[in-house]
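Q: Just dropping this structure here.
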Amino acid sequence: MLLEVQNTTGELYLEIGMTEEGFHYFQKAWSNLMEFSPSAIKDSQDFVKQKGRVLNNLAKSATEKYLKENHILECAAEISSLLDNNPRDRATMKYTEGVLM
């Protein structure tokens, strides 16, 4: 639940043009997601989708330096491989990977 609140708050800041503030919320959400074990995330499509949404928002708001230092492109590729066959989720992750390249 905290992850969703952080991500949604960040999206609100992005929507009103406060990118840096939004980025801070996405960064907090990402940090919280990283505390979960990889096996917990792989076993839950909800976690995979949430991680994908946070990655998408990081791609929109973070500096190129942050994205490279934190290997966000590699994480996006990994998340893409874990998604189920929902076309919307797959399209979002492909878009995210494209933005990160």
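The values are calculated or read from the model by the stated rules, or taken from the named source; none is laboratory data. If you're wondering where the values come from, they're calculated on a predicted model, not measured in any experiment. Methodologically, a virtual Cβ is constructed for each residue, glycine included, from the backbone with ideal geometry; neighbour enumeration extends over all protein chains shown.
Q: Do you know which residues across segment 54-91 are under 22 Å from Ile16 (Cβ atoms), in a helix (DSSP H, G or I) and within 12 Å of the chain's Cα centre (by Cα)?
A: Val54, Leu55, Asn56, Asn57, Leu58, Ala59, Lys60, Ser61, listed by residue number.
Q: What residue, of Leu55, Leu73, is within 23 Å of Asn86 (Cβ to Cβ), surrounded by 14 or more Cβ atoms within 10 Å (Cβ to Cβ) and touching a Cys at 6+ places or on another chain (Cβ under 8 Å)?
A: Leu55
Q: Residue under question is Ser61, and the condition is that it be polar (S, T, N, Q) and either surrounded by fewer than 14 Cβ atoms within 10 Å (Cβ to Cβ) or more than 19 Å from Ile79 (Cβ to Cβ) (or both); does it hold?
A: Here the answer is no, as Ser61 does not meet what is asked.
Q: Being under 24 Å from Glu64 (Cβ atoms) and either part of a loop (DSSP other than H, G, I, E, B) or touching an Asp or Glu at 6+ places or on another chain (Cβ under 8 Å) (or both) is the filter here; which residues of segment 11-48 pass it?
A: Tyr13, Ile16, Gly17, Met18, Gly22, listed by residue number.
Q: Give the residues of segment 1-47 that are of a type in the set (Asp, Glu) and within 12 Å of the chain's Cα centre (by Cα), sorted by residue number.
A: Scanning segment 1-47 gives Glu4, Glu11.
Q: Moving to a separate point now. Can you tell me which residue among Tyr95, Tyr25 is at pLDDT 95 or above and of a type in the set (Phe, Trp, Tyr)? Let's see the steps before the verdict.
A: On the way: Tyr95 fails: at pLDDT 95 or above.
The unique qualifying residue is Tyr25.
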